[in-house]
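The values are calculated or read from the model by the stated rules, or taken from the named source; none is laboratory data. Just so you know, these numbers come straight off a predicted model, no measurement behind them. Here Cβ is always computed from backbone atoms with ideal geometry, including for glycine, and neighbour counts include all displayed protein chains. SASA here: full protein model, heavy atoms, side chains in, ligands and nucleic acids out. Shrake-Rupley method; radii C 1.70, N 1.55, O 1.52, S 1.80 Å.
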Amino acid sequence: MMHRRPVIQLKLRATDRMLEIAGWILLITIWLLVIGHYHRLPAKIPVHFDVTGQADRMGKKWMIWMIPSVTTILFIGLTLLNSYPHLFNYPTRITDENAYTQYTLATRLIRYLKIILVLIFGLMENQLIKSAEGKAEGLGQWFMPVALLLIFIPLVYYLVKSVKSR
């Protein structure tokens, strides 16, 4: 039998509002990046990169719209999900006493991850455009390690903070 978790309406703090606004600004920036470069792109562009950051598949120019589209769907999905923190998985049992703290930590993690997701996809789109225009070769070897660090540092921080705040 599953333990019923308290349903709490969290108030957005200044930090949370700032993170939401930053995420939306970054998302809009990706769309503007594509809109601004689309007309200059060649008919074939790199659409997939291997682990070392080298382009390993080419596709039609219209595929440039895939990254901002997927990013937008993920961003909006995570934004909607963040309204239901009582449905998340937690590393500790949620009680009436710890729910507010745990929900606040978890929703803030989602906000950070949304920004990181948009940053990663934005960097990928930027490098894809540069590569298509002949100004760069692929994503670069730095891309994968940086992307993984950007994702795992906040996750580890959250897990430590969450377990300490039982």
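Selection over segment 1-59 of residues that are under 25 Å from residue 86 (Cα atoms), open to solvent by less than 100 Å² (accessible area, probe 1.4 Å), among the charged types (D, E, K, R) and part of a loop (DSSP other than H, G, I, E, B) gives a count of 1. Residue-level check: of (1) over 24 Å from residue 63 (Cβ atoms); (2) of a type outside the set (D, E, K, R); (3) touching a strand residue (DSSP E or B) at 6+ places or on another chain (Cβ under 6 Å), residue 162 misses just (3). Only one of the numbered conditions (1) farther than 30 Å from residue 57 by Cβ; (2) within 20 Å of the chain's Cα centre (by Cα); (3) outside any loop (DSSP other than H, G, I, E, B) is violated by residue 89, and that is (3).
Yes/no matrix, rows are residues, columns are (1) at pLDDT 95 or above; (2) within 14 Å of residue 5 (Cβ to Cβ); (3) open to solvent by less than 20 Å² (accessible area, probe 1.4 Å):
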site	(1), (2), (3)
77	yes, no, no
90	no, yes, no
135	no, no, no
145	no, no, no
162	no, no, yes
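Select from segment 92-132 the residues that are assigned to a helix (DSSP H, G or I), of a type outside the set (Lys, Arg) and open to solvent by 30 Å² or more (accessible area, probe 1.4 Å) and list them in ascending order. Those that are assigned to a helix (DSSP H, G or I), of a type outside the set (Lys, Arg) and open to solvent by 30 Å² or more (accessible area, probe 1.4 Å): 100, 101, 105, 112, 113, 117, 119, 121, 123, 124, 126.
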